[in-house]
1. For the condition part of a helix (DSSP H, G or I), exposed (fewer than 14 other Cβ atoms within 10 Å of the Cβ) and without any contact (Cβ under 8 Å) to a residue 24 or more places away in the chain, what is the one hit in GLU139, GLU90, GLU128, GLU146?
2. Across the stretch 38-50, what is the number of residues that are outside any strand (DSSP E or B) and at pLDDT 95 or above?
3. Would you point out which residue out of VAL84, VAL107 is under 28 Å from ALA132 (Cα atoms) and surrounded by 12 or more Cβ atoms within 10 Å (Cβ to Cβ)?
4. Could you list, in sequence order, the residues of the stretch 67-81 that are surrounded by 17 or more Cβ atoms within 10 Å (Cβ to Cβ) and at pLDDT below 95?
Amino acid sequence: MPMIDVYATAGTFQDKHQLAQDLATLLMGIEEVPNIPMFRQNTAGFVHDLPAGDLSNVNGESNYVRVQVLTNAGALDRDKQLAVVSKFTETIAAAAGDSTLAERTWVLLTEAVPGGWGLGGHANTNEELVAAARAQIAELQAKQPEA
């Protein structure tokens, strides 16, 4: 159940909703997450507008974007980590209409600790999430008519 948080100065993005959806969809594809309701409903992007002056590097510049991607432990092997950072940076710059923003986009990859996924009012372990996903996949497959 990945969560994506994007922080940028207000006005950086024209369509924040589309950016959030694009990043969530992109992450599901990179992670190779099954296309089942449990994952589609609980993979989300959040775009946070920061007021002018609420973001700065050491030089006082505020034209940066910070992206934090939270996944379950082990969800991203090295190739997937590289893909997330590359594709997210590209998508952020495109959404801002500023190709130079790629040079000023920070992407942080974070893994949840076991039991760190609160879903449906319960702190889930990776094993519990995998079991729930498998159960939902089996349920969906059982509903499909035989060929």
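1. Details: GLU90 fails: exposed (fewer than 14 other Cβ atoms within 10 Å of the Cβ); GLU128 fails: exposed (fewer than 14 other Cβ atoms within 10 Å of the Cβ); GLU146 fails: part of a helix (DSSP H, G or I).
Answer to the selection: GLU139.
2. Here is the first cut: in the stretch 38-50, the residues outside any strand (DSSP E or B) are 38-43.
Filter once more, keeping what is at pLDDT 95 or above: none.
Of the residues in the stretch 38-50, 0 are outside any strand (DSSP E or B) and at pLDDT 95 or above.
3. VAL84
4. Let us first name the residues in the stretch 67-81 that are surrounded by 17 or more Cβ atoms within 10 Å (Cβ to Cβ), namely 67, 69-72, 75-76.
Result: LEU70, THR71, ASN72, ALA75, LEU76.
For (1) under 13 Å from the mean Cα position of the chain (by Cα); (2) within 24 Å of HIS122 (Cα to Cα); (3) in a loop (DSSP other than H, G, I, E, B), each residue gets a yes or a no:
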position	(1), (2), (3)
ILE4	yes, yes, no
ARG66	yes, no, no
LEU76	yes, yes, yes
VAL85	yes, no, no
ALA94	no, no, no
ALA102	no, no, no
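The values are calculated or read from the model by the stated rules, or taken from the named source; none is laboratory data. In this text, all values refer to a predicted model and were calculated from it rather than measured experimentally. Virtual Cβ from ideal backbone geometry, glycine too; neighbours counted across all protein chains shown.
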